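Presented below is the structure to which this report refers.
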Amino acid sequence: MTISKKTGHNLLIRRITKKAYIAAQKKIYELLNIAFMKFNLRYLANLFVAALLFCATGCKDDDTSGPEMPAVKIAPGATTASSISFTATPEYADAAAYVCVEKGMLIPSAENILANGTALTLDKESLVEVKNLKDTTVYVVAAAAKMGDQIGNVVSVEIKTGAYDGVLNIIDATQSVISYHIKPTSDSRYYHLAIPKAYWDYQIEGESASEAERIKTAMLKQLGSVDRGEKTYTLTDGEKDVHKNLTQVFPATEYLLVKADCDAEGNLTSALDTLTFETAENSVSAAEITVELSRITSSGVTIRCVPGAILNRYYIGIEETAVVNQYIEKYGKEAWKRVLMAGSQPFEHTISTSVSGKKPTVDYTVYAVGIDDDRNFTDLFQKNFTTKQSAMPTVALDYELKDDGQGRNPYNTIFFNIKTTDADMIKYVTASTAEITEIRNELGLSDEEIVTLVGDTLPDNYTDLANGENGLPFSYSGLSSGTSYTLIVQALNGEYSKVEVLSASTQEIPRVESQLFDKLPGEWSATINGLGSQNQDSTYTFDVTIAAGVNEATTEEYRKHNLLVCLGLADFNYYGPEELVANNFPQSVANEAYGPKWFLQIAEGDEVTVLCDTERNLFDWAQQGTFYLMGINEQVVFEPFPVEVSDDFNTIKVKTAVYEGADYFMGAGYLVSSNRVSLAFIGTSEMTLTRKADGNTVLNQGLRMPGRHSEFTLKKPGSLLERISCEKVHFDVTPAAEAHSYESYEQPQMKLMEVPFAAFDEIRKEVK
C-alpha cells in the first residue's frame, strides 16, 4: 500500500513518542509560569486546552485520524454533436465507475454508480468518450470510487454536446454498426441510404451522365428507406430493418451516405446529398472457400461452394472474366470484394447452385469471399471457365404401355422416354390431351407457350441423362383408362429452343358386367363409430347416395373404371360440381374436386371393394388441401376396404382393411407432406349402409363441419393452366454420378436491385 506524506509523518511521531512527551511537558510548565505572571485566569485556561490538544494529536501512541478518502478527478474534454469526452483519474481506489445522464435527471448514489456504471481505469489518467448522445444537450458525468469497504463521495461535471452543422452527419462507424444523423433543411419526405461506395460506383461505371443519374435514383429507391424530419439512424449487422430485410455492415469498407428529398409518390425533388466515411479496420482471415465447377454448358454452369470452418458467412457471384479483370486492374481486388458482398446474398453452409442465361463461348469467372467469426475478410477465391459452343438441340419422344409389377400398368400408366442432344435445360408438361386442346383453343396458346408458362424444369442430372445414349425414361401414372395424354418437351441452350409433342392413350379397362351396377344405386343410411372432436367415442349416422355419376362426364368416366360413386361421409359437408362451378371452379376441375365422394369398385364375380388410394380424392375444394380416404390404425395406409352386400341388396358392410396382419378402419384427412397427414375423421368400426325405404336423401350442405376441423373454406379455383400438374410423374432412373443429396434452400429476403452478375437459378443446401 502506498503511504501518503501525512500518514508517514504520523508513523514518525509514534517512533519518538516518549522523548516528545517529556519535551511537551516541560514546554507546558514554562507556559503556565508565564501565564500566571502576565495574564488572567481565562487566558490560562485557553492555553491549557491548547496544550492538551497538542498532546492528544501529536504525541499519543494511538493515531485516531482516518485514512484518505477514495475519489475520482474529472476534467471535461472535446465534444461533438453526438459525443462528449472527459479525463478521469481515480485516487486511493481499488474500484471506480461513472454514469452519464441528461441534466435534470436523478444522479445515482455512489453505491449505484459503482454497481451499475461503467468501470474506469485505475492508477492512471484515462480519456473516456461517450457516443450516441443528443445534440446541443447538457449531460452530467458522475463518478465514484471505493477502497475496500470505504466508498467516496459522488463527483460530477456538466458537459454540453455540440450542434450538427450539416445535412448528413456520421455518428459512429464500427466493424458492425453504422450510425448517422440527418438534419434536413425542409420538412419534406426524403430517401436515405448507406451503401458500400465500391458497389455504388460499379453500377454507374462507364455509363453516360444521364444513365448514371437514372441508376443512382433506382438504387436510392430500391435499396433506401423513406422518412421525414431530423433523425438518427443505426444499422447493425445481422439485424432486420423495418421492412424485415437483412442488414449487413462490412468492416474496413468505404461507405457512401446518400439523401434526397421526394414527394408523396416517391419522385425525387432535390439533388443528392452525399457523404463518404469508412468503417473500422479489420485483418486478413486465413479461412478458405472451396469452389467446384461442374456441368459446364453453352449457357451456364453448376457451382458448389464449401466454406471453411471458421467462416461466419460468404458470398459468391459470377461475371465475365474480362469485365472483372478490367475493374480489378483499375480499382483493385479489395474494391471488387465489396462489390461482390454488396451485390449478392450471404450463405453459411455448403451450397450447390445452377447458373443459366450465359453467352456461348465466353470466359466467365466464379468469385467467392468470406467473413470469419472475427469479422476478417478472406482472400478473393476464383474459378475460371468457358461456356461451350451451342448447337440446335434435337428432341425425340417415345412411349410404351406395360405392367411393371408395382401398380403401374397399361390401364393407368404411360411410360415415356425423352432423348435429346445439345440441351442445357429441358422443360416438360404432361396433361390429358383434352386439357391441352382446351388450352390451345380457349387461350390461343402454342405448345411452346404452354410449356414455357407452366412447364416443369428437369434437374440438371436428368437433363444429362436425356442427352445421353439411352435418354431419360419416366412414367406418367394415376391416369384414366382409355384416355389420351400429351407430353410437351422443350430443349433449350444458350441460343436455341426445340419443342416436340407426343400423345399416347392408356388401354381400356376390361368392362365388368354385373347386376350390382343396377342394384346398388339409391339412397342409403350409413352408420360408423369414430372419434369426435374431443377424441371421445361417437356414433356417426349420415345419408349416402350411391350413383353411377353426378353428371354425364363423371358417369362415363366411372363406368370405364367399373366404379359406382358414394356421396356423403360422416360430418363432412357436400359440394357438388354445380356448386363449385357457381363458385368459379372450371367444370373439369369441379368434376374432380367435388365431394365428399368415395367409390365402390366392382370386379368379376360381383367382388366389391372401396377404393383407398391417392389417385381419386375424397374432395378437393377446401383450402386445407386435397382430402383422401385413408386406412387408420397406428399409422395411415392406403389399402382397399372389402365390402359385403346382402342377398337382398339392402345392406352393405364396409369391412376393415388388412395390412401386415393389422386391421385398419376408414378415416379421412389431407396430406401435409410426403410423410405427414392431418386427420379430419377417424373411424373405429366397420361401416354399415342400410337402404332407405323412402329414398329421400338430403346431403349436408354448406361449409361447416363440427368435427376435428370446425371450419372449411372454399379454396381459390385454379385456372386451366394451373390445373396442368406433373404430380404423377415418376423418374425411373437415378444417375449413379449424382454424388450429393440436396434439399431446397430458401434464400433470405433481402432488398437488392438487379446485380451485375447473374442471379442463381436455384440454391440448394447440402444435406450432411
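The values are calculated or read from the model by the stated rules, or taken from the named source; none is laboratory data. Quantities reported herein were computed from a predicted structural model and do not represent experimental measurements. Positions of Cβ are backbone-derived with ideal geometry, glycine not excepted, and every protein chain shown enters the neighbour counts.
For segment 348-399, a residue qualifies if it is in contact with a helix residue (DSSP H, G or I) (Cβ under 7 Å, 6 or more places away or on another chain) and not in a strand (DSSP E or B), and exactly one does: LEU380.
When segment 198-215 is filtered for residues that are buried (at least 20 other Cβ atoms within 10 Å of the Cβ) and either touching a strand residue (DSSP E or B) at 6+ places or on another chain (Cβ under 8 Å) or within 20 Å of LEU268 (Cα to Cα) (or both), the ones remaining, listed by number, are ALA198, TRP200, GLN203. Of the numbered criteria (1) farther than 27 Å from GLU265 by Cα; (2) assigned by TED's automatic domain parsing to the domain that holds ASP261; (3) surrounded by fewer than 19 Cβ atoms within 10 Å (Cβ to Cβ), the one VAL155 fails is (2).
Residues in segment 486-501 that are of a type in the set (Asp, Glu) and touching a Leu at 6+ places or on another chain (Cβ under 9 Å): 1 in all.
Is it fair to say TYR190 is part of a strand (DSSP E or B) and within 24 Å of ALA271 (Cα to Cα)? The answer is yes for TYR190. For segment 196-208, check the following and say yes or no: at least one residue is aliphatic (A, V, I, L, M), without any contact (Cβ under 8 Å) to a residue 60 or more places away in the chain and part of a helix (DSSP H, G or I). Yes, because at least one residue in segment 196-208 is aliphatic (A, V, I, L, M), without any contact (Cβ under 8 Å) to a residue 60 or more places away in the chain and part of a helix (DSSP H, G or I). When you scan segment 540-552, do you find a residue that is within 46 Å of the chain's Cα centre (by Cα) and surrounded by fewer than 15 Cβ atoms within 10 Å (Cβ to Cβ), even just one? Looking through segment 540-552, none of the residues is within 46 Å of the chain's Cα centre (by Cα) and surrounded by fewer than 15 Cβ atoms within 10 Å (Cβ to Cβ). At least 1 residues being free of Cβ contacts under 8 Å to residues at least 12 places away in the same chain, of a type in the set (Ser, Thr, Tyr) and within 29 Å of GLU68 (Cβ to Cβ) is the threshold, and among the strands (runs of 3 or more DSSP E) wholly inside segment 97-178 not one reaches it. Residues in segment 673-704 that are in a strand (DSSP E or B), over 35 Å from the mean Cα position of the chain (by Cα) and among the hydrophobic types (A, V, I, L, M, F, W, C) were compared, and the one that is modelled with the lowest pLDDT is ILE682.
Taking PRO108, is it surrounded by 13 or more Cβ atoms within 10 Å (Cβ to Cβ) and under 30 Å from LEU268 (Cα atoms)? Here the answer is no, as PRO108 does not meet what is asked.
Tell me, which residue of segment 582-606 that is free of Cβ contacts under 8 Å to residues at least 60 places away in the same chain and part of a loop (DSSP other than H, G, I, E, B) is surrounded by the fewest Cβ atoms within 10 Å (Cβ to Cβ)? Show your work before the answer.
In the first step, residues of segment 582-606 are kept if they are free of Cβ contacts under 8 Å to residues at least 60 places away in the same chain; the result is 582, 587, 590-595, 597-599, 601, 605.
Within this subset, residues satisfying the condition of being part of a loop (DSSP other than H, G, I, E, B) are 594, 605.
On the way: TYR594: 26, GLY605: 8.
Per the stated criteria, the residue is GLY605.
Checked against (1) at pLDDT 95 or above; (2) hydrophobic (A, V, I, L, M, F, W, C); (3) under 29 Å from ASN376 (Cβ atoms), CYS262 passes all but a single condition, namely (3). If you filter segment 267-293 down to residues that are more than 30 Å from ASP374 (Cβ to Cβ) and exposed (fewer than 12 other Cβ atoms within 10 Å of the Cβ), you find that the one that is farthest from the chain's Cα centre (by Cα) is ALA271. The strands (runs of 3 or more DSSP E) found wholly in segment 439-520 and carrying at least 3 residues that are within 15 Å of ALA423 (Cβ to Cβ) and touching a residue at least 60 places away in the same chain (Cβ under 8 Å) occupy 484-492, 497-505.
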